[in-house]
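In what follows, a single structure is set out as structure tokens and then discussed.
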Amino acid sequence: MLTRVCGSECRWARVLVYEPPERVVISWDIDPQWQLETDVDKTSEVEVRFIAEGPDRTRVELEHRNLDRHGDGWEAVREGVGSEGGWPLYLRRFAEACQARCARDRSSAAATLDASNEGSAADRGVRQKVRQKTNRGRSGP
């Protein structure tokens, strides 16, 4: 759904399958003239799959299928979404957003770890001072 500046909404997709964290499938309810398509038999599907490739790496695969359902002019849809201003652009933006978030998370985790270590050092200093005060009244080591 797209919310315009004026507050109106455009429901240009429907969620068809939602299987977190592996995949999501939505309808593409936009016709070859880039207008809202209300006939569900004339809509295509977009599937996005998330494949774990390691503990810190995920491959994202996007398939836009059944474009021919759009009828006359469906090739324009294929050209539009396949162009540099279509899915390639939005996949790049998604990757950049993920990388930025990971960098923020790593930075936040490092700051938390530093603060935790400082607390530990301060605790060690307090324990050492307590031992020194306790040992002052004792003779020997």
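Give, as residue ranges, the strands (runs of 3 or more DSSP E) completely inside segment 1-74 that count at least 2 residues that are surrounded by 10 or more Cβ atoms within 10 Å (Cβ to Cβ) and small (Gly, Ala, Ser).
Result: 44-54.
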Search result, residues across segment 79-109 that are charged (D, E, K, R) and more than 30 Å from residue 34 (Cβ to Cβ): 101, 104, 105, 106
Within the group 118, 84, 96, which residue is assigned to a helix (DSSP H, G or I) and either modelled with pLDDT under 90 or over 21 Å from residue 21 (Cα atoms) (or both)? 118
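The values are calculated or read from the model by the stated rules, or taken from the named source; none is laboratory data. This one's a predicted model, so the numbers in the text were calculated from it and none came from an experiment. When we count neighbours, we look across all protein chains shown, and the Cβ atoms used for this are built from the backbone with ideal geometry, even at glycine.
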